[in-house]
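To start, the structure under review is shown below, and the notes come after it.
The values are calculated or read from the model by the stated rules, or taken from the named source; none is laboratory data. For clarity, every value in this text was computed on a predicted model and none was experimentally measured. Quick reminder, even Gly has a Cβ in these numbers, built from the backbone with ideal geometry, and neighbours come from all protein chains shown. Remember, those area values only see protein heavy atoms, side chains included, never the ligands or the DNA or RNA. Shrake-Rupley method; radii C 1.70, N 1.55, O 1.52, S 1.80 Å.
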Amino acid sequence: PKICDARPFIGRARAMFFANGIRRAVEQARYTLTVSRSAADEIAAIFPDAKKRIVVTPNAPAPMFLPAREPARSRARAAELLGTDRDFYLLVGQNQPSKGHAIALKAFAGARTDAELVLIQRRRPGAGLDRLAHELGIETRVRFMPEVSDEELVLLLQSASALLQPSLHEGFGMPALEALACGCPVIASDIPPLREVLAGAGLHCEPRSPESLSAQIERLEDPTLRRELAKRGPERAKAYDWDRSVKTALEVYRKAALD
């Protein structure tokens, strides 16, 4: 619970509420849909009796998440959006401990790179992390963005040196998948759901280790490696398809209705 909500009283209350609610839901449900095999395994480990009733319906990237047709033009538009044409690494997700954003800042401070770090955070952008960036002496190379449109996110993914996803825990890993679809190299934590999504199409770092992430950032300073990962990403992303997931979900709904 601490990596989802570090507030001592509210965090404990939320943990009790969700633990009870999720237990009742899984025990009473005819079927449980979840977004990854890793999540299914985790649910089954806690609720063994539900194992035969768990069905995986993966997330998928929207059709707009594609490699740039005109890379130079996309890069120019991304530079206009950011107000700079410097190379940059991208971080996307909620500003909460489970996403590992503080780890990313520490890793970035220790990595030998002249690039910037751009964070797009849905929740309290920059809160607490701006102070950490200042303490690390990298505040001039870290940029906290407000929410952006899907079109703008695609531009940034098409133009970034890499997406970083140093999460401590995930059920899936949507930012990583969208980055793969755009041909953006990915460095993600070495945890089951992110290994499942990347399937060898990206790099992994040890969870909670800024040093491990720094080392992978330095590896990606090699343009040859970036080009190789940029090729692998879209091919891997093709394994995820909304139509296929919808068909699976509809079959489950029909079975549940007939049970």
List Ile3, Ile217, ordered by accessible area with a 1.4 Å probe, largest first: Ile3, Ile217
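For His134, His101, what's the largest-to-smallest order of accessible area, 1.4 Å probe?
Numbers: His134 120, His101 5 Å².
Per-residue accessible area, sorted high to low, gives His134, His101.
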Gap separating the Cα centres of the range 100-135 and the range 196-259, nearest whole Å: 23
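Exactly which trypsin sites (Lys or Arg not before Pro) in the range 89-139 are in a DSSP loop and have at most 13 other Cβ atoms within 10 Å? Display every interim value, and only then the final one.
Working: sites: Lys99, Lys106, Arg112, Arg122, Arg123, Arg131; in loops: Arg112, Arg122, Arg123.
Answer in residue order: Arg112, Arg122, Arg123.
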Candidates Val142, Val26, Val118: whichever shows maximal mean-square fluctuation once the chain is modelled as a Gaussian network with Cα springs under 10 Å: Val26
Unit Cα scatterers, Debye sum, the chain: log10 I(q)/I(0) for q = 0.16 Å⁻¹: -1.23
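With a cut-off of 8 Å between alpha carbons and a minimum separation of six or more residues, what is the relative contact order of the range 148-215 in percent? Don't jump to the answer; show the numbers that get you there.
Numbers: 100 pairs, mean separation 20.1, N = 68.
The normalised contact order for the range 148-215 reaches 29 percent.
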Glu196 accessible area, 1.4 Å probe, all protein chains in place, Å² to nearest 10: 50
Mean separation of Cα contacts under 8 Å (6+ apart) over length of the range 110-155, as relative contact order %: 50
Exposure rank, largest accessible area first [Tyr89, Tyr240, Tyr253; 1.4 Å]: Tyr253, Tyr240, Tyr89
Set Lys2/Lys238; Lys52/Lys247; Lys51/Lys247; Lys51/Lys99 screened for pairs whose C-alpha atoms are more than 26 Å apart: Lys2/Lys238; Lys51/Lys99
Nearest-ten-degree value, helix 210-219 long axis tilted from longest Cα axis of the chain: 60
Heavy atoms of Asp85: accessible area, 1.4 Å probe, square angstrom to 10: 120
Nearby aspartates and glutamates by direct alpha-carbon distance to Lys106 (threshold 16 angstrom, same-chain neighbours under 8 apart not counted): Asp114, Glu116, Asp130, Glu135, Glu139, Glu206, Glu211, Glu218
Around Leu157: net Lys/Arg minus Asp/Glu count, Cβ-Cβ under 13 Å: -2
Relative contact order for the chain, counting Cα pairs under 8 Å that sit 6 or more residues apart, in percent: 22
